[in-house]
2 protein chains.
Amino acid sequence: MIDSAWLGTQRLPEVTVHASGALAQTIRAELRQTRRFRTDVQVAVCTLARVRETPLWQEVEAAVPEHGLGVEGFVVVRRGNDLVVAAEGGHGLLYGYFYLLRYFEWMSGDFTVVEQPAVPIRMLDHWDEVSGTVRRGYSGASIFFRDGQVVEDLTRVRSYARLLASIGINAVALPTAELPDVARLAGVFREYGIAVSLAVDFTDDPRDERVARWWSATLARVYEVVPDLGGLLVRAGADAEGANLLGRAVAPYGGTVFWRVSGAEQWLDGLDWRDRRADRARAAYDQFIPLDGRFEENVVLQVPHGPSEFQVREPVAPLLGELQETVFGLELQVTQEFSGQQRDLCYLGPWWREILQFDTTGGARSTVADRIGAVVAVSNVGDDPNWTGHKLAQSNLYAVGRLAWDPAADPVSLLHEWAAATFAMDDRTRGELVTIMSGSWRTYEQYTAPLGVGYMVAPETHYGPSVNGYEYSTRGSHHFADRDGVGVDRTVKTGSGFTGQYPEPLASLYEDVSSCPDELLLFFHHVPYDHRLHSGTTVLQHIYDTHFQGYAEVEAMAARWRVIAERFEPVVRENITDRFEAQLANAREWRDQVNTFFYRLSGVPDAQGRTIHR
Amino acid sequence: MIDSAWLGTQRLPEVTVHASGALAQTIRAELRQTRRFRTDVQVAVCTLARVRETPLWQEVEAAVPEHGLGVEGFVVVRRGNDLVVAAEGGHGLLYGYFYLLRYFEWMSGDFTVVEQPAVPIRMLDHWDEVSGTVRRGYSGASIFFRDGQVVEDLTRVRSYARLLASIGINAVALPTAELPDVARLAGVFREYGIAVSLAVDFTDDPRDERVARWWSATLARVYEVVPDLGGLLVRAGADAEGANLLGRAVAPYGGTVFWRVSGAEQWLDGLDWRDRRADRARAAYDQFIPLDGRFEENVVLQVPHGPSEFQVREPVAPLLGELQETVFGLELQVTQEFSGQQRDLCYLGPWWREILQFDTTGGARSTVADRIGAVVAVSNVGDDPNWTGHKLAQSNLYAVGRLAWDPAADPVSLLHEWAAATFAMDDRTRGELVTIMSGSWRTYEQYTAPLGVGYMVAPETHYGPSVNGYEYSTRGSHHFADRDGVGVDRTVKTGSGFTGQYPEPLASLYEDVSSCPDELLLFFHHVPYDHRLHSGTTVLQHIYDTHFQGYAEVEAMAARWRVIAERFEPVVRENITDRFEAQLANAREWRDQVNTFFYRLSGVPDAQGRTIHR
C-alpha cells in the first residue's frame, strides 16, 4: 500500500472538463479517483478557447493578463455556485486542477485568482543508481531501478509523478538507462506534464570532432523515441566547451543542458589544509565568472545555494548574484544530507525561502528568485512505505515544489497546507503539528555546527557529529579551532578573499567583523572565543547556549509530539516517535561533543554551570 | 608468475631421503625443484628409525635429548663432508629439510644442532571472505576464494603452504566453505604438515541440547572427510559454555577450539566517552579472569597482544600473565591494520619479540613465550603478485613464523635470513637493506600516535591520521587531549583501574607516573604538556620532536633505498619505490596533523622553531 502523502484527504464536487488532449485525460482520470463532496457548487475546468461554454467566461477573460497566461498559468474564478478553472492548454489546466484540489474545501465567497509560476523550470534531480541504491538517499532503495534495470511495475512511479505535478514540478532528472526503459519512464511522467532529462558524465574531449558526432547521433536516436526529452544533466566532468557541445546536440529538439557546477573539476579534492588562503568556497565563482557569456543559450548552470553545498547555514553563493549573461538555476537538497538525513526532523522551507528571497545586490531588490531560470532540487524519496523515511520529511518535498512555483510563499502556511492535505485531523492538532515542525530547521542549526561554520559532521556518512572530521581533509571544510578562537578568515584583507566575490554593500557587510551577521560570523571570520556577538554573548558562550538550547528544543518537540501522537494512525505514530528517539540521541551527541570539544580547547566553563563533560 | 618470496635463491647439494610417508614425498618433490649445488658434501634426510643407514648415526643418536625430539623437532649433524638431518617422522624431517635449505650455504665446519619449536601451535588466521575479499587485507583479493567458492587452481595455495611450512607454521584458520572445498584446501595444506581449522560464528544458545546435537552431527560429517582437521576458530559470539560445547564436539577427533577473546561480546561497541572510568582496555581481563579454569582442555583462548589490539605501541595484555588454568595463545597481526597497511614499511619483528619476551611477572622470568600454547597471527597475504602488496612486507610473514618457532630469535638476524633467501644480492646491499628495514617499526611509531596513546587513525580505514577520529566514539579509543594535557588515566587511584590488572611489581610500575616507562606514559596517565619524560624533554616537545624525527627517518629510508634500488629487478624496484612515495606522503600528513593538533591546543611553539602549521 503506497502512502498517499498529500493527496490523501481531498474531496471535490462534480467537475466538468472542457478540454481535450492527453493532460485533460489525466485530469479526468484524477477526478475518477477523487472522493466526492456533496455541494451545490458547479466546477468547470476549461481551456480559454472553450471558456464560453462556461457561465463565467466574461470574468475569466477579464482576468487573463495582457501578456497572457503562458503555458503553465491558470485562472480560477468563482461567483456564487459557479467556479471555473481556465488555462491556455493542458499544463495550465493540470496545475489549475491541483490548485482546486488543494484549496477547494478552504474556499469561500467570490474570488478571482491568477497563478503563474515564478520559475520556468522546476526540476527534481534523482541521485539514484541503476543498481537500485540511492546516493545520499535515506528512504530505502530506488523507486525507479532495481538490479540495473527499470522496475517492471511503474505504479509507484506514477504515484510519484502525480505528487510532483500537484506541487508544480515540471521536470525530473534520472540516471541514464536503456532506451526502452527511458521511454517507459518518460511515458509515465508525460502523463503529468513532467519532462524527463537524463544525467550523464561527460569526460570526453569536446575538441574531438568524433565526440560531437557521437553525441549527435546518439541523441537523435533518443529523441526519436522520446521526442519531449527535457535534455541532459551533466553530473560530472565537462567544461564550457563540453557543455556547449552537448547544448548544440540537443538544441534541434528544444532540449536543455543542465550543468552541475559542483560536478565540475575544480570542485574536487586537493586543497591543502596547511594553506589558510586555500578556500573551496571560492571555487564556483573563480571558475565560472570567467566563462559568463560563453555558453549556448540552452545551457543552464546549476548552482548550489551556498559555497559549502547544502549546509543548514551558509551565505548565499555569490555566483547567484554575479552571473550576468548565463542562464542558471538554483540547486537545493531536499534529501537531508547535512540536515538530519530524515532521521532528525528538519523542515527546510524557511531556509529555502530565505535563500530565494536573498537580495543579491544587498539593497537594489534583485533576489535569487528574480534571477534564476530553474530550481533543481535533489529528491528525498525512496521505496520506504512513506516515501521519505521520516513521514514528516514529506513536507520538504512539498515545500520545495510550492516554493519553486511561488518563492514568496510563506513556509508556515505551506506546512499548514501540507498537513491538512496529508492528515485527517482537527485544526488544533494541525496547529500543534505545524508548531512542532516550523522551527525544526533552527533547532537543527542550534545543536550542530555553530555560527555558519558548517560541517563538523562524521566524514562519509555526514550524519552525527565529528567536530574535527574534515578539519585536516583535502575537502577544505575547516573551522581552524584552536585554544584561542575559531572560524575561517575569508576576508579580503587577511583571509581567503572570498568576501570580495560579493558586490557592495554585501562585500563590506561580510568583510567587517563588526557588521557581519552573527549567524554567519564563523563562516567569514576567525575570532577569539571572547568575541562578543551582536546578541551580546561571547562566541564561546553562544556555542554552549545554542547546544544546550538545541537539545532542549528537541526534547520539547518530542514531548509535544507525544501529546498529539495518539491522534495519528499507528504506522505514522510509530514512525515519528521512533525518529524523535533517534533525533534525541543524535542531538545529545552533538550537544556534548561540540561543547566538550570547545571546552577542552578553551578551558572556559559554561557561565550557567551546566554539565560539560571534560 | 608467482613471486617465490623467500624460497627463490637457495641451492642444495645432492640429498638422499631415508624415510617414507606423505611428508617424505613432499621433501622429495621439493628436492626436485630445488637448484643444485656442486659440492662434495653428502646430505641424508632420515628418520631416527633408519638413522643407522647414515654414516653419522652415532652422532645423531647422541644428540637426541633424553625426552626425545618430539613430533616436530629435528637434529642436524655435520662431520666433514657428511651431513645428516634426522627426526622422528615426517613433520620433523620437513622442518629439518627447510632448515637445511635456509642455512646450507652459510654452514661451515662440523656442528650439531637440535631444534624444537618453543610453541606447539603456530597458526595463521585468514580474514578472507568466501566472496573473495579480505577483511583488513592490503594485498589484493583472497588467494583461496572467489565469488563464494574456493578457487579452481590451487597452485597458488600450494605455493603459500610451502612458504608457511618453510618458516615453521603448522596450522591455518580459514573461513568455512562447502565440505568438498574444505577437503581440497586441507589436502594441499596437508602436503606441508599444516592443519586447517575452520572459522565459525557461534551465536546459538549453548544450553539448548539441539544445538549440541547439531554441532556433533555436523562435525562428524566434516571429520569423516577431513580427519585431521585442526578444529574450529570461533570468530565471534560464544561464551564459556559455547566454547566448551564446541570443544566437546571436536574432542573425539583430537580437535581444538580457538576462541577469539576480541570476538567475545563485551568487546563490542557501547562505551560512553563521557565516562572517563569506562575503559575498553579492561574488557578482556574483566571478562576472562572469572572464567579461568572453566574451559575444556582443548579450548584455547586467543588473546590479542595488547589491550588496544594491534597498536604499534601498547602494554602487553595483563591476561597473558594472569590466566592460570586455561590454555591460551598470543594473537598478533601480520596484516598491518594499524601499522601502515603494507603501504608504509614497518617491520614488526622487533615489536613481536619484545612482546614474546615480556616478563609477565615483572622480574620472576615468566615470559609471554613461556606461557603460551599457541601463536595465532592474522596473515598479510593476498593475490597481489608479490603476496603482500609491499614486497618488503613479506619479511613480517617470515618473522612471525620464525619467532613462533623460536621466540628468542634476533629480529635483525631474521631480516638477514629473509633478505638473503629472497634476493640474489651482495652482502653489502643486504646489509644496507636490513638497515633500512630494521628500524622501520620505531620510525612508524615516531610519526604516528605518541607515547603509547594509540589510535589517532582515520576511522574505518585505519590508515592515515585523524587525531580525533575515535575521540568521541563508543569504541573507547580516546586520548582526552585538552588545552592543558593529554593521555588516559588508567591508574587505580584516579583512573579506570586498569593498572590493577597487573601483578606487582608491574602494577606499581605503571601506576606511578614517575616510574611508568616513557613509551607507555600516555597509555597509563593523563599528564600536562610540560610534564618531563625520563628522557628530559617535555611531553609536548617530545611529540613535536618525534614527529619531525619520524618524517626525517622516512626521508632517509627512501633516500637510502634509492641508492640500492638499481640492484633489484625492475618489478621489485618500482614496487618499493612507489611505496616509499606513499609512505612519505603519509608520514608528512601524520607529522603535520599531529603537530598542528597539539599546537592548536597548547599554543606552545616548537622549541627549535621548525614549521608547525597553525
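The values are calculated or read from the model by the stated rules, or taken from the named source; none is laboratory data. All values derive from a computational prediction rather than experimental measurement. Every residue, glycine as well, gets a Cβ built from its backbone with ideal geometry; the counts of neighbours run over all protein chains shown.
Here are the numbers:
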{"item": "Top-ranked residue of the range B:482-501 - restricted to ones that are within 21 Å of B:Ser262 (Cβ to Cβ) and surrounded by fewer than 23 Cβ atoms within 10 Å (Cβ to Cβ), ranked as farthest from the other protein chains (Cβ to nearest Cβ)", "result": "B:Gly497"}
{"item": "Top-ranked residue of the range A:422-442 - restricted to ones that are at pLDDT 95 or above and of a type in the set (Gly, Ala, Ser), ranked as surrounded by the most Cβ atoms within 10 Å (Cβ to Cβ)", "result": "A:Ser440"}
{"item": "Residue in the range A:448-459 that is at pLDDT below 95, assigned to a loop (DSSP other than H, G, I, E, B) and β-branched (Val, Ile, Thr) present", "result": "no"}
{"item": "One residue from A:Asp383, A:Asp370, A:Asp406, A:Asp359 being under 26 Å from A:Val150 (Cβ atoms) and among the acidic types (Asp, Glu)", "result": "A:Asp383"}
{"item": "The range B:245-270: number of residues that are of a type in the set (S, T, N, Q) and buried (at least 21 other Cβ atoms within 10 Å of the Cβ)", "result": "1"}
{"item": "Strands (runs of 3 or more DSSP E) contained entirely in the range A:91-202, each with at least 3 residues that are closer than 19 Å to A:Phe74 by Cβ", "result": "A:111-115"}
{"item": "Tally, over the range A:456-481, of residues that are within 8 Å of chain B (Cβ to nearest Cβ), surrounded by 20 or more Cβ atoms within 10 Å (Cβ to Cβ) and more than 19 Å from B:Arg588 (Cα to Cα)", "result": "4"}
{"item": "Tally, over the range B:199-225, of residues that are crowded, with 21+ Cβ neighbours inside 10 Å and within 27 Å of the chain's Cα centre (by Cα)", "result": "1"}
{"item": "Flag for B:Val76 being touching a residue at least 24 places away in the same chain (Cβ under 8 Å), under 23 Å from B:Thr9 (Cβ atoms) and part of a strand (DSSP E or B)", "result": "yes"}
{"item": "Verdict on B:Thr367 being surrounded by fewer than 24 Cβ atoms within 10 Å (Cβ to Cβ), β-branched (Val, Ile, Thr) and in contact (Cβ under 8 Å) with a residue 40 or more places away in the chain", "result": "yes"}
{"item": "Filter result for A:Thr16 (in a loop (DSSP other than H, G, I, E, B) and either over 22 Å from A:Ile194 (Cβ atoms) or more than 31 Å from the chain's Cα centre (by Cα) (or both))", "result": "no"}
{"item": "Boolean, A:Ala141 is within 21 Å of A:Leu94 (Cβ to Cβ) and hydrophobic (A, V, I, L, M, F, W, C)", "result": "no"}
{"item": "Yes/no for B:Ala556 being free of Cβ contacts under 8 Å to residues at least 40 places away in the same chain and of a type in the set (A, V, I, L, M)", "result": "yes"}
{"item": "The range B:598-614, residues that are at the interface with chain A (Cβ under 8 Å from one of its Cβ atoms) and assigned to a helix (DSSP H, G or I)", "result": "B:Tyr599, B:Arg600, B:Leu601, B:Ser602"}
{"item": "Boolean, B:Arg282 is without any contact (Cβ under 8 Å) to a residue 60 or more places away in the chain and basic (Lys, Arg)", "result": "no"}
{"item": "Qualifying residue in the range A:501-514 (condition: of a type in the set (Gly, Ala, Ser) and at pLDDT below 95)", "result": "no"}
{"item": "Given (1) under 28 Å from the mean Cα position of the chain (by Cα); (2) within 30 Å of B:Phe498 (Cα to Cα); (3) away from chain A (no Cβ under 14 Å), index of the condition B:Trp590 fails", "result": "(3)"}
{"item": "Residue satisfying all of: in the range B:36-67; surrounded by 13 or more Cβ atoms within 10 Å (Cβ to Cβ) and in a loop (DSSP other than H, G, I, E, B); nearest to the chain's Cα centre (by Cα) among these", "result": "B:Val64"}
{"item": "Filter result for A:Leu124 (within 24 Å of A:Asp370 (Cβ to Cβ) and crowded, with 17+ Cβ neighbours inside 10 Å)", "result": "yes"}
{"item": "Residue match in the range A:229-239 (condition: modelled with pLDDT of 95 or more and either more than 28 Å from the chain's Cα centre (by Cα) or assigned to a loop (DSSP other than H, G, I, E, B) (or both))", "result": "yes"}
{"item": "Set A:Thr429, A:Thr388: member being under 21 Å from A:Arg158 (Cα atoms) and among the β-branched types (Val, Ile, Thr)", "result": "A:Thr388"}
{"item": "Failed item in (1) touching a residue at least 40 places away in the same chain (Cβ under 8 Å); (2) more than 14 Å from chain B (Cβ to nearest Cβ); (3) of a type in the set (Val, Ile, Thr); (4) surrounded by fewer than 17 Cβ atoms within 10 Å (Cβ to Cβ), with A:Val527 passing the rest", "result": "(4)"}
{"item": "Condition check for A:Ala22: buried (at least 16 other Cβ atoms within 10 Å of the Cβ) and modelled with pLDDT of 95 or more", "result": "no"}
{"item": "Residue pairs meeting the criteria (Cβ under 9 Å; at least 6 apart or on separate chains; first closer than 18 Å to A:Tyr599 by Cα, in the range A:461-477; second surrounded by fewer than 20 Cβ atoms within 10 Å (Cβ to Cβ) and aromatic (Phe, Trp, Tyr))", "result": "A:Glu471/A:Phe480"}
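Here is a yes/no grid of residues against (1) crowded, with 23+ Cβ neighbours inside 10 Å; (2) among the polar types (S, T, N, Q):
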site: A:Pro318; (1), (2): yes, no
site: A:Glu325; (1), (2): no, no
site: A:Phe338; (1), (2): yes, no
site: A:Gln341; (1), (2): yes, yes
site: A:Arg353; (1), (2): no, no
site: A:Gln357; (1), (2): no, yes
site: A:Gly362; (1), (2): no, no
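Okay, residues lined up against (1) within 14 Å of another protein chain (Cβ to nearest Cβ); (2) among the aliphatic types (A, V, I, L, M); (3) farther than 20 Å from B:Gly454 by Cβ:
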| position | (1), (2), (3) |
| --- | --- |
| B:Val261 | no, yes, no |
| B:Trp273 | yes, no, no |
| B:Arg276 | yes, no, no |
| B:Phe295 | no, no, yes |
| B:Val299 | no, yes, yes |
| B:Gln302 | no, no, yes |
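Residues checked against (1) part of a helix (DSSP H, G or I); (2) among the polar types (S, T, N, Q); (3) farther than 18 Å from B:Met456 by Cα:
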| residue | (1), (2), (3) |
| --- | --- |
| B:Pro307 | no, no, no |
| B:Gly329 | no, no, yes |
| B:Ser339 | no, yes, no |
| B:Asp344 | no, no, no |
| B:Pro350 | yes, no, yes |
| B:Ala364 | no, no, yes |
